[in-house]
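The values are calculated or read from the model by the stated rules, or taken from the named source; none is laboratory data. Keep in mind the model is a prediction, meaning the values are calculated, not measured. Here Cβ is always computed from backbone atoms with ideal geometry, including for glycine, and neighbour counts include all displayed protein chains.
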Amino acid sequence: MDGHAVVVGGGIGGLAAALALHRSGWRVTVLERAPELGEVGAGLALMENALRGLDALGVGPAVRAHGRIDGSGGLRTRTGRWLSRVEAAAMTGQLGTTMVGIHRADLHGILRDALPPAALRTDAEVLDVTTGPHAAEVRHRRHGERATLAADLVVGADGLRSTVRSRLWPDVPPPVYAGATAWRAAIAWTDPLPTAVSWGAGAEFGMLPLAPGRIYWYGAVTTPPGGRAPDELAAVRERFGDWHDPIPALLAATAPEQVLRHDLYHLAAPLPSYVHGRVALLGDAAHAMTPYLGQGAAQAIEDAVTLGAACAGGPAHLDAALARYDRQRRPRTQALARASARAGRYGQQLRHPLAVALRDTAIRLTPSRVALRQAARYADWHPPRP
Ligand SMILES: Cc1cc2nc3c(=O)[nH]c(=O)nc-3n(C[C@H](O)[C@H](O)[C@H](O)COP(=O)(O)OP(=O)(O)OC[C@H]3O[C@@H](n4cnc5c(N)ncnc54)[C@H](O)[C@@H]3O)c2cc1C
């Protein structure tokens with residue numbers, strides 16, 4: 001097969017797509033605008049669906065070896081009272097697996113190392129994409145020079161503020177602020193730690209063990225967009241420093257330069273299609289969602305595996321392949337994006353004391369088996385057959 005695919009964006013979604021297409025016999029070029037391939041961010045929770053996708057890409061064992069396989073934990077109040085609790089053994093028994101906590105940079109590095117180095121071009125910012133019925137062109141600037149690449153297939157994996165989407169889907173409204181900002185850090189930590197999410201009024205704090213000796217924490221609060229503190233760690237301590245143990249100790253073990261802050265944005269209006277001519281959108285470019293279900297990267301991985309399987313027949317059968325990709329991915333990812341927004345409204349963003357009390361009682365009364373099934377229902381996904 002002599003098909004050439006250009007992937008715009010070298011994040012987790014772009015690298016996973018490049019790997020999926022490479023394994024399906026495509027010649028692949030990844031254009032990443034950053035001067036070096038890398039990943040900003042701290043930790044990621046990968047549920048069974050993401051792990052099945054990574055297995056299909058041949059990197060599941062490396063991901064499990066670099067991550068922390070666990071799942072014991074649950075939901076708590078800000079005082080530490082457990083609202084629901086799940087043991088890793090119960091999760092494995094019911095779902096066949098626990099989940100893996102991994103540093104984003106480790107996952108990104110594993111995907112990058114699985115690709116031929118010649119496929120990866122950094123300092124390559126895509127400026128425009130055009131497409132006809134049989135081919136597409138990608139205009140970009142590489143090391144300051146303008147250049148054009150011809151492709152049988154272009155994958156727009158350029159994230160939340162996708163250039164590919166804004167060029168070819170000009171009617172899609174830009175991402176909207178989801179009402180909250182999030183701080184994150186990956187830090188050294190050796191004591192045992194459950195995977196837990198704790199809720200206060202308009203605030204949520206999460207913790208997740210990563211590889212041995214490292215954990216990831218995040219804190220999210222409802223606030224207007226664009227806020228910045230002179231010392232973000234001090235701002236986190238002010239919001240979460242009096243929450244339950246070990247949150248104060250985690251913050252004490254964090255250095256100011258380890259803290260990242262991002263306002264949360266999502267695509268509130270679902271796209272009418274993820275395909276335009278010979279261009280397919282994937283990951284946050286297609287369906288940027290709030291992080292409340294921890295499924296954004298997982299969905300990008302599912303997209304990538306599905307695209308690779310659909311396009312295994314090469315450029316000759318692309319019309320049907322891309323239609324199949326759109327059919328298989330759009331309903332699921334858009335339902336997940338809606339569910340994630342709902343989870344935020346019901347969880348982190350709930351502020352009224354009566355509503356909080358009612359929610360907490362409802363969760364406490366839910367049997368753990370049912371809670372686990374609900375929490376994991378989106379993890380029930382299998383890679384399609386080519
Ligand atoms: C606080 C927070 C916590 C999260 N937690 C989880 C979690 O636990 N589990 C989970 O599955 N997901 C989680 N997510 C979601 C996840 O981070 C994203 O969904 C995922 O990283 C999207 O990957 P992507 O490759 O589509 O986009 P991105 O990671 O944004 O990558 C896009 C790439 O394209 C490049 N690019 C952009 N424009 C251009 C251009 N014009 N030319 C060339 N290159 C370009 C960028 O430099 C970047 O490298 C979380 C998100 C947030 C904000």
* Asked: Restricting to the range 181-223, what's the tally of residues that are of a type in the set (Ser, Thr, Tyr), more than 14 Å from Gly101 (Cα to Cα) and either surrounded by fewer than 22 Cβ atoms within 10 Å (Cβ to Cβ) or within 11 Å of the ligand (Cβ to nearest atom) (or both)?
  -> 4
* To do: Name the residue, out of Ala304, Ala269, Ala310, Ala280, that is in contact with a strand residue (DSSP E or B) (Cβ under 8 Å, 6 or more places away or on another chain) and either assigned to a loop (DSSP other than H, G, I, E, B) or surrounded by 20 or more Cβ atoms within 10 Å (Cβ to Cβ) (or both).
  => Ala280
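Does any residue of the range 157-172 turn out to be assigned to a strand (DSSP E or B), under 27 Å from the mean Cα position of the chain (by Cα) and within 10 Å of the ligand (Cβ to nearest atom)?
Within the range 157-172, none of the residues are assigned to a strand (DSSP E or B), under 27 Å from the mean Cα position of the chain (by Cα) and within 10 Å of the ligand (Cβ to nearest atom).
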* **Answer residue from the range 119-141, given it is more than 10 Å from the ligand (Cβ to nearest atom) and in contact (Cβ under 8 Å) with a residue 60 or more places away in the chain and is nearest to Glu39 (Cα to Cα) among those** => Leu120
* Selected residue [surrounded by 24 or more Cβ atoms within 10 Å (Cβ to Cβ) and more than 8 Å from the ligand (Cβ to nearest atom)] from Leu54, Leu44 -> Leu54
* Residue by residue through the range 339-357, note down the ones that are in a helix (DSSP H, G or I), in contact (Cβ under 8 Å) with a residue 24 or more places away in the chain and surrounded by 13 or more Cβ atoms within 10 Å (Cβ to Cβ). => Ala339, Ser340, Ala341, Ala343, Gly344, Val356
* To do: For residues that are more than 8 Å from the ligand (Cβ to nearest atom) and surrounded by 24 or more Cβ atoms within 10 Å (Cβ to Cβ), scanning just the range 27-41, find the one that is nearest to His103 (Cα to Cα).
  => Val30
* Asked: With (1) under 21 Å from Arg104 (Cβ atoms); (2) without any contact (Cβ under 8 Å) to a residue 40 or more places away in the chain; (3) in a loop (DSSP other than H, G, I, E, B); (4) of a type outside the set (A, V, I, L, M, F, W, C) as the list, and Glu257 as the residue in question, which single condition is left unmet?
  -> (3)
* Of the criteria (1) modelled with pLDDT of 90 or more; (2) closer than 14 Å to Gly294 by Cβ, which one Ala62 fails -> (2)
* Asked: If you check every pair at least six apart or on different chains, which have Cβ atoms under 6 Å apart with a residue in the range 25-43 that is on the phi < 0 side of the Ramachandran plot and of a type in the set (Lys, Arg) first and a residue that is within 8 Å of the ligand (Cβ to nearest atom) and modelled with pLDDT of 95 or more second?
  -> Arg33/Glu125
